[in-house]
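Notes to accompany the following structure.
The values are calculated or read from the model by the stated rules, or taken from the named source; none is laboratory data. All figures in this text were calculated on a predicted structure; none of them were measured in a lab. Here Cβ is always computed from backbone atoms with ideal geometry, including for glycine, and neighbour counts include all displayed protein chains. SASA here: full protein model, heavy atoms, side chains in, ligands and nucleic acids out. Shrake-Rupley method; radii C 1.70, N 1.55, O 1.52, S 1.80 Å.
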Amino acid sequence: MTDQQVHKVALVTGAATGIGKACAEALAAKGFIIAANYRSREQEAHAMLAALPGNGHQLFKADVADPSQAQAMVTEIGDKLGRIDVLVNAAGQYTQQDIHSNDYVAWQQAWQHSMALNLQAPVNLAFLVGRFMQDAGAGRIINITSRGAFRGEPAAPAYGAAKSALNSATQSLALALGQHGICVYAVAPGWTETPAASPRIAAQGWEGVAAQSPLGRVGRPDEIGSIVAFLASDNAEYLTGAIIDANGASYLRN
Ligand SMILES: NC(=O)c1ccc[n+]([C@@H]2O[C@H](COP(=O)([O-])OP(=O)(O)OC[C@H]3O[C@@H](n4cnc5c(N)ncnc54)[C@H](OP(=O)(O)O)[C@@H]3O)[C@@H](O)[C@H]2O)c1
């Protein structure tokens, strides 16, 4: 039976905009029912949902960095949709920090916020959703990390550290959950043209940023969505534990 016929459910966090939205679109096009999480972007969330192909998609409002809101959301999805087959942790935020000019309070706040959203939220959701997946004996967890996990983020050290830790958690969870048929992956994008990234690219200069890749461009959200849809398919099982670089060869790891 194909993914399309069984109408599996995919929870996508941060689905109102950018990479999360593109993941929701790509998975809906493959026949998944989308449980689309958003935090504050009411209008964008409703517009995204209305444009998704297929039926049965629903919005779930929650701040995923708040463990109790995350838990209530997963319970609500279970009650309304009955299953969660795929989790895409796309919600995240780059928080600028300057070790030279930040005061100590701002420094700590940036670490707390960045770790809560970019690391703890995805692993908490993996824990909560993992229970559904274990009962089903199958599941896919896909964490959106970042190129910055590998090359360093001098202007956002907490963001880089959180994404690096999420790569590591991806590997640990792939080892822990494989016996239950649950596969865990990370996708590490480089510059991708989204509402969050575009102003930062503009500030650095589009030409210079594009030149970081031999392709001479930045990534598109739909390219990340396509990779995520492949990882969510029945064909990607043996890739479990992989961290997929999606950065146009702008940074190559050994
Ligand atoms: N674009 C890039 O160049 C790039 C590169 C590497 C990695 N990434 C990663 O890709 C992911 C998506 O980024 P993006 O560029 O698509 O950014 P984006 O357009 O700002 O999308 C992020 C989404 O996450 C939501 N979100 C933020 N905090 C949340 C919370 N606490 N609970 C629920 N939702 C929350 C945001 O909604 P609200 O505004 O309502 O909070 C927003 O809709 C992030 O994890 C980011 O770190 C992006």
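Structural remarks
- Top-ranked residue of the range 126-152 - restricted to ones that are charged (D, E, K, R) and assigned to a helix (DSSP H, G or I), ranked as surrounded by the fewest Cβ atoms within 10 Å (Cβ to Cβ): ASP135
- Condition met for VAL123 (β-branched (Val, Ile, Thr) and open to solvent by 10 Å² or more (accessible area, probe 1.4 Å)): yes
- Selection count where residues are near the ligand (Cβ under 8 Å from one of its atoms) and acidic (Asp, Glu), scope the range 22-48: 1
- Inside the range 26-56, residues that are surrounded by 16 or more Cβ atoms within 10 Å (Cβ to Cβ) and either over 19 Å from GLY139 (Cα atoms) or β-branched (Val, Ile, Thr) (or both) make up a count of 10.
- Filtered residue count, the range 112-148, keeping only those that are of a type in the set (Lys, Arg) and either more than 9 Å from the ligand (Cβ to nearest atom) or free of Cβ contacts under 8 Å to residues at least 40 places away in the same chain (or both): 2
- Leading residue by the ranking (surrounded by the most Cβ atoms within 10 Å (Cβ to Cβ)) among those in the range 59-90 that are part of a loop (DSSP other than H, G, I, E, B) and in contact with a Leu (Cβ under 7 Å, 6 or more places away or on another chain): VAL64
- Hits in the range 88-130 (condition: under 19 Å from ILE34 (Cα atoms) and among the polar types (S, T, N, Q)): ASN89
- Odd one out for TYR94, checked against (1) touching a residue at least 60 places away in the same chain (Cβ under 8 Å); (2) part of a helix (DSSP H, G or I); (3) of a type outside the set (A, V, I, L, M): (2)
- The residue that is nearest to the ligand (Cβ to nearest atom), counting only those in the range 178-211 that are in a helix (DSSP H, G or I) and open to solvent by less than 20 Å² (accessible area, probe 1.4 Å), is ALA197.
- Some residue of the range 161-169 being within 13 Å of the ligand (Cβ to nearest atom) and open to solvent by 40 Å² or more (accessible area, probe 1.4 Å): yes
- Cβ-Cβ contacts under 6 Å between residues 6 or more apart (or on different chains), taken from a first residue in the range 228-254 that is of a type outside the set (A, V, I, L, M) to a second residue that is part of a loop (DSSP other than H, G, I, E, B) and surrounded by fewer than 17 Cβ atoms within 10 Å (Cβ to Cβ), are listed as GLY248/LEU215.
- Residue that is under 29 Å from HIS7 (Cβ atoms), more than 11 Å from the ligand (Cβ to nearest atom) and not in a strand (DSSP E or B), where the choices are GLY241, GLY225: GLY241
- The condition of being open to solvent by 30 Å² or more (accessible area, probe 1.4 Å), of a type outside the set (Ser, Thr, Tyr) and modelled with pLDDT under 95 holds for only one of ASP234, ASP245, that being ASP234.
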